[in-house]
Amino acid sequence: MSQKVQIALAAGDGIGPEIMDACLRVFEAAGVQEQIEFIPVEMGERVFAAGDSRGMTDEAVETVERTGLLYKGPMGTPIGGGGKSINVTLRKTFGAFANLRHFQSLPGVDTVFSRAGVPVDIYVVRENIEDTYGGIEHRLTNDVIECKRLISAPGCDQVHKFAFKAADRFGIKKVHCAHKANIMKMTDGLFLDRFRAEAQHHPGIEIADVIIDALCMNLVLRPEEYQMIVLPNLQGDIVSDLAAGLVGGLGFAPSANIGDQISIFEAVHGTAPDIAGKGIANPTSLLLSGLMMLRHLGMLKQAATIENALLASLEDGVHTGDVRGDGHPVGTQEFADAIVSRLGRLPSGKEARPIPDEATANHTPPTRPSTNQLMRTFETIESTVAGCDIYVDTLITPLELAQRLERICEGTAFKLTMISNRGTQVWPSGSPYTEVVDYYRVRFELRDPAIVLGQMGQMPTIHLLTKVAEKFGVTDFQPLKYYDGKPGYSLAQGQ
Ligand code: NAI
């Protein structure tokens, strides 16, 4: 037999080692280790405590980069002190851009929907890198803090391509894109536009879009209407947990973080410090994530065999104590034993997974790039500067601010066109009922766009910025640009 596929393995913190041990025993019994070699790596609380702010050793990073695969248990994030979540760091550092989770009703797991006879079988694909998860935050004034929300066209394309490919593979007939493009017209608008663009390459799959708030209500009312939902990062994070609630909680939600080169498979719940070491944690989420990994590698037969044994155990009323159901609660290792003893058995209900023939692990380890790869979607667009937004830290009234700024821009190519506060226009028109804070956006646009537009570059706006900065505390500067003749900026509320 050819060489085994190597996978970095981090058991994690808290309940991590207990549930990982249970999963590895099930894998061993199903013959998985005949084709896979797990290589233990050091990540998590112990590494943070040893002073490494990444939470992973150099050897761990090297092993993940070399193998391209990581199977991990939950890991604690140090609270305070600026330590970032290792889980987010891992996904972002290794370019695991799509988070795939599968939420399905399981036999023996008592939920509102199982009692009502409503089956739930939903895949959630969440963009994993961008959005507010860039963690780009600044204190702008005494009273205002900003978090930058970045959405890129190539970032959208990666996740949408992955979603449609996965839908094809799973035989999914309809994919929804969820968003808030009615409010965030440009960022979520881009996410939706790129979804529609990618859909054109998959004519066999029906598409629809749904506004995120409506989705949350629909998921609770009619979860059976959804097969796959694609979402931006933060909205996807929230909807993933909502969907977990539909099928009995986080203990049943597997998760795969897929990138072009490196993929990470993990349980979605945390380290459960309240029950760590008691031997009662539920290994199902980590096991199902492991099954996603086996399927990712092509070990479809082993994955289906283990899943059927898991379903048969639950159907027989064997489950851990966190599960609501009529059966008898057992500990983590007894639950693993129950699964092992049922390998080869099918659950009696319609849940039984068909057993495919494919059983060979197939994986090409990453080729280390010589530098960071530049991704591009729109390569031939012409941009021209049309003005700028300058953000100032001031306590004066909108009218007084306008009068002072109009004096500042006299004799320049720009005129003051708008002042807004927290996104709502307060000058030249507005309502005195609009409450304001110490952070204004002032918009300058070309006095004569017909003549100058396209010929000026950004320097005149920088000169204007300098003039404003002589009189005001400037917190932020944003050139206003046209892209292929269309404005690349939003209007203020009320403008
Ligand atoms: P948690 O998911 O660890 O626990 C929430 C509740 O669910 C607890 O009552 C716990 O006992 C229960 N629970 C969780 N997993 C269970 C399982 N497999 N079986 C039975 N019961 C289970 O969330 P919490 O308490 O907010 O976070 C604890 C730590 O975990 C924090 O340091 C957090 O940063 C980290 N965390 C790590 C994640 C990861 O590694 N992907 C994800 C979420 C949190």
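The values are calculated or read from the model by the stated rules, or taken from the named source; none is laboratory data. Keep in mind that this is a model prediction, so the values were computed, not measured. With ideal geometry, Cβ positions are generated from the backbone for all residues, glycine too; neighbour counts draw on all protein chains shown. Only protein heavy atoms, including side chains, enter the accessible area calculation; ligands, DNA and RNA are left aside. Shrake-Rupley method; radii C 1.70, N 1.55, O 1.52, S 1.80 Å.
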Based on what the data block shows, is Glu37 part of a strand (DSSP E or B), in contact (Cβ under 8 Å) with a residue 24 or more places away in the chain and open to solvent by 30 Å² or more (accessible area, probe 1.4 Å)? yes
Do we find a residue being over 21 Å from Gln495 (Cβ atoms), in contact (Cβ under 8 Å) with a residue 24 or more places away in the chain and open to solvent by 30 Å² or more (accessible area, probe 1.4 Å) anywhere in segment 443-450? no
Residue among Pro119, Pro154 that is in contact (Cβ under 8 Å) with a residue 24 or more places away in the chain, surrounded by fewer than 20 Cβ atoms within 10 Å (Cβ to Cβ) and out of contact with any strand residue (DSSP E or B) (no Cβ under 9 Å at 6 or more places or on another chain): Pro154
Would you call Ala199 farther than 30 Å from Pro366 by Cα and touching a strand residue (DSSP E or B) at 6+ places or on another chain (Cβ under 7 Å)? no
Out of Leu291, Leu286, report the one residue that is in contact with a Cys (Cβ under 8 Å, 6 or more places away or on another chain) and assigned to a helix (DSSP H, G or I). Leu286
Scan segment 64-78 residue by residue and report those that are within 16 Å of the ligand (Cβ to nearest atom) and part of a strand (DSSP E or B). Leu70, Tyr71, Lys72
Within segment 429-441, take every residue that is surrounded by 15 or more Cβ atoms within 10 Å (Cβ to Cβ) and of a type in the set (Phe, Trp, Tyr) and give me the one that is nearest to Asn142 (Cα to Cα). Tyr439
Here the qualifying pairs (Cβ atoms under 7 Å; residues six or more apart or on different chains; first in segment 383-410 and crowded, with 18+ Cβ neighbours inside 10 Å and of a type in the set (A, V, I, L, M, F, W, C); second at pLDDT below 95 and part of a loop (DSSP other than H, G, I, E, B)) come out as Val385/Met456; Val385/Gly457; Val385/Gln458; Ala386/Leu453
Any chance segment 419-428 includes a residue that's outside any loop (DSSP other than H, G, I, E, B) and surrounded by fewer than 18 Cβ atoms within 10 Å (Cβ to Cβ)? yes
Within segment 1-34, considering residues that are within 15 Å of Met299 (Cα to Cα) and surrounded by 17 or more Cβ atoms within 10 Å (Cβ to Cβ), the one nearest to the ligand (Cβ to nearest atom): Val26
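Conditions (1) of a type outside the set (A, V, I, L, M, F, W, C); (2) near the ligand (Cβ under 10 Å from one of its atoms), marked per residue:
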residue	(1), (2)
Gly251	yes, yes
Ile258	no, no
Ile262	no, no
Val268	no, yes
Gly277	yes, no
Ile280	no, yes
Leu286	no, yes
Criterion (exposed (fewer than 14 other Cβ atoms within 10 Å of the Cβ) and either under 15 Å from the mean Cα position of the chain (by Cα) or part of a strand (DSSP E or B) (or both)) met by exactly one of His138, His201, His176, His160: His138
Restricted to segment 467-484, and to residues that are in contact (Cβ under 8 Å) with a residue 60 or more places away in the chain and either part of a loop (DSSP other than H, G, I, E, B) or of a type in the set (Lys, Arg) (or both), which residue is most open to solvent (accessible area, probe 1.4 Å)? Lys471
Only one of these is of a type in the set (A, V, I, L, M) and within 15 Å of the ligand (Cβ to nearest atom): Val210, Val247. Name it. Val247
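The rows are residues; the columns are (1) within 16 Å of the ligand (Cβ to nearest atom); (2) farther than 30 Å from Lys173 by Cα; (3) in a helix (DSSP H, G or I); (4) open to solvent by less than 10 Å² (accessible area, probe 1.4 Å).
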| site | (1), (2), (3), (4) |
| --- | --- |
| Arg46 | yes, yes, yes, no |
| Asp52 | no, yes, no, no |
| Glu62 | no, yes, yes, no |
| Asp110 | yes, no, no, no |
| Val124 | yes, no, no, yes |
With the requirement that a residue be open to solvent by 10 Å² or more (accessible area, probe 1.4 Å) and of a type in the set (Ser, Thr, Tyr), what does segment 258-272 give you? Thr271
With criteria (1) under 26 Å from Thr77 (Cα atoms); (2) in a helix (DSSP H, G or I), Lys278 comes up short on (2)
Can you name the residue in segment 224-253 that is within 15 Å of His269 (Cα to Cα) and charged (D, E, K, R) and, of all such residues, is surrounded by the fewest Cβ atoms within 10 Å (Cβ to Cβ)? Asp241
Criterion first (assigned to a loop (DSSP other than H, G, I, E, B) and within 12 Å of the ligand (Cβ to nearest atom)) does His319 satisfy it? no
